[in-house]
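Note sheet for the following structure.
The values are calculated or read from the model by the stated rules, or taken from the named source; none is laboratory data. No experiment lies behind these values; they were computed from the predicted model shown. Backbone-built Cβ (ideal geometry, glycine too); neighbour counts: all protein chains shown.
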Amino acid sequence: MKSEITIVGAGIGGLSLALALEQKGINFRLYEQANSFEALGYGIQISPNVVHILEKLGLKKQLERLSHICLGFQLRSFNTNKILAEWKLDNKTPYYQCRRADLHQLLFDMIQNKGRIYFSQCLESYEQKDNHLYLHLKNQGSITAQAMVAADGINSVIRQSLFPQYQVRYSGYSAYRVILPFHRKYHFLWGKATVWMGKNHHVVVYPNGNEQSPESWLNLVLVIKERKSNDQSWSVPADKTALAQDFANHSNELNLILEDMIESPEPCFKWGLFIHEPLPYWSQSKVTLLGDAAHPMLPFQAQGAAMAIEDAYVLAQYLSNEKEMVEESFIKYEQARMKRTGAVQRLSRRNADIFHASGIKALTRNLILGLVSAIMPSL
Ligand code: FAD
């Protein structure tokens, strides 16, 4: 029998790993610092690469029930509202958009052995000694572990201990998030993810829920290049009127949404986007990193949670090999995942430059996007 795996962090990555391990018959313990899950209403896009995995983990029916299906993407000019490129999705495997809190809850609900999940347990530090790991928990004393996976997010204590020289830094971009109840006038946004691109700004809009249902809503992410942001919290309230002025443009459709945003009682929150340089490796003996703890990325490809779920699934596959020591499984997992996650990190960064281009770069981008979508209208 393989070692018991201790997971730190019950975000989307940690819960996916717990579920994948359980389904492989591998014991786990999961420690989460929060005393419950935050019921954040914001949306998350779940691309086919990860829908495929979630279906293997047994979430197919529940995902279908909870999600809005995205049938295509639309890129528009921030200044003229012109559609610059449009792609239809073939949807052999669906591209879903749902509430982040719903996906989180779904993963939690699927785990049978909930007694192995411990809330209000914050890891402060750990040591590896005599072939054992000692985890020091805030106000809870110490516990031993056989092997540990850090799924504790971008500020991972474990990553900081392994790589003190890799400091998290502000990326230069801030995201403002708000939701609006869906209204018939937004019909042109149904079934899509739409991006308005402009100099130093972009806006991503996608619906969630069922068009006929009073509980469906629009999910807005307004991204702006800003010099400073010291706050990494996901819940810094933003001034919606000032924000709408920053994003005001010539597009009636977008201005309509921004006006509704100001009038809506829904709060708007600012998320400073933070990153660090890619790590040289993720595993050291009986410890490895997963999800944002290993490879935080800008959200401009909507792949951060997707990569965490892929990591979890791949890691559980390697750990299920009875013939291998846990250290070997960790190394194989790292080798299987680093190239892909590194490429996605780079592409996400490049999308920021593409979305925010101006002048001749924007003209060139528009020309290329138009050509590519004409030649290849579906993905
Ligand atoms: P986290 O979600 O950060 O979870 C870490 C967990 O560890 C938390 O529960 C935390 O409380 C716990 N923890 C932390 N420290 C400790 C400790 N010391 N002890 C115990 N527990 C601890 N991704 C997508 O795939 N699709 C999208 O559409 C998408 N949209 C996004 C939009 C925005 C604006 C942003 C900012 C991100 C978006 N992402 C998206 C990225 C995605 O949110 C993250 O990549 C993903 O949540 C990472 O999951 P994780 O489990 O690795 O980390």
Note on region 241-297: residues touching a residue at least 40 places away in the same chain (Cβ under 8 Å), small (G, A, S) and assigned to a loop (DSSP other than H, G, I, E, B) are S251, S264, S283, S285, A294
Going residue by residue through region 294-317, is there one that turns out to be over 20 Å from K24 (Cβ atoms), over 16 Å from the mean Cα position of the chain (by Cα) and not aliphatic (A, V, I, L, M)?
no
Where residues in region 1-57 are among the basic types (K, R) and more than 14 Å from the ligand (Cβ to nearest atom), which of them is surrounded by the most Cβ atoms within 10 Å (Cβ to Cβ)?
K2
Within region 295-317, track down each residue that is near the ligand (Cβ under 8 Å from one of its atoms), of a type in the set (G, A, S) and over 16 Å from Q97 (Cα atoms).
A308
Within region 360-379, track down each residue that is farther than 19 Å from Q301 by Cα and without any contact (Cβ under 8 Å) to a residue 12 or more places away in the chain.
I360, K361, L363, T364, L367, L371, A374, I375
Assuming R99 fulfils every condition listed in (1) surrounded by fewer than 18 Cβ atoms within 10 Å (Cβ to Cβ); (2) closer than 21 Å to W217 by Cα apart from one, which condition is it?
(1)
Take T288 and tell me if it is at pLDDT 95 or above, in contact with a His (Cβ under 8 Å, 6 or more places away or on another chain) and closer than 30 Å to N131 by Cβ.
no
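Residues are listed down the side, and each one gets a yes or a no for (1) away from the ligand (no atom under 11 Å from the Cβ); (2) in contact (Cβ under 8 Å) with a residue 24 or more places away in the chain; (3) surrounded by fewer than 17 Cβ atoms within 10 Å (Cβ to Cβ); (4) on the phi < 0 side of the Ramachandran plot:
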{"residue": "Q74", "(1), (2), (3), (4)": "yes, yes, no, yes"}
{"residue": "E86", "(1), (2), (3), (4)": "yes, yes, no, yes"}
{"residue": "L89", "(1), (2), (3), (4)": "yes, yes, no, yes"}
{"residue": "H104", "(1), (2), (3), (4)": "no, yes, no, yes"}
{"residue": "L107", "(1), (2), (3), (4)": "no, yes, no, yes"}
{"residue": "Q112", "(1), (2), (3), (4)": "yes, yes, yes, yes"}
{"residue": "S120", "(1), (2), (3), (4)": "no, yes, yes, no"}
{"residue": "Y126", "(1), (2), (3), (4)": "no, yes, no, yes"}
Being among the hydrophobic types (A, V, I, L, M, F, W, C) and closer than 16 Å to E22 by Cα is the filter here, so list the residues in region 108-125 that pass it.
F108, M110, I111, I117
Can you find a residue that is in a helix (DSSP H, G or I), touching a Ser or Thr at 6+ places or on another chain (Cβ under 8 Å) and β-branched (V, I, T) anywhere in region 306-318?
yes
For region 269-285: of the residues being of a type in the set (F, W, Y) and within 14 Å of the ligand (Cβ to nearest atom), which is farthest from I179 (Cα to Cα)?
W282
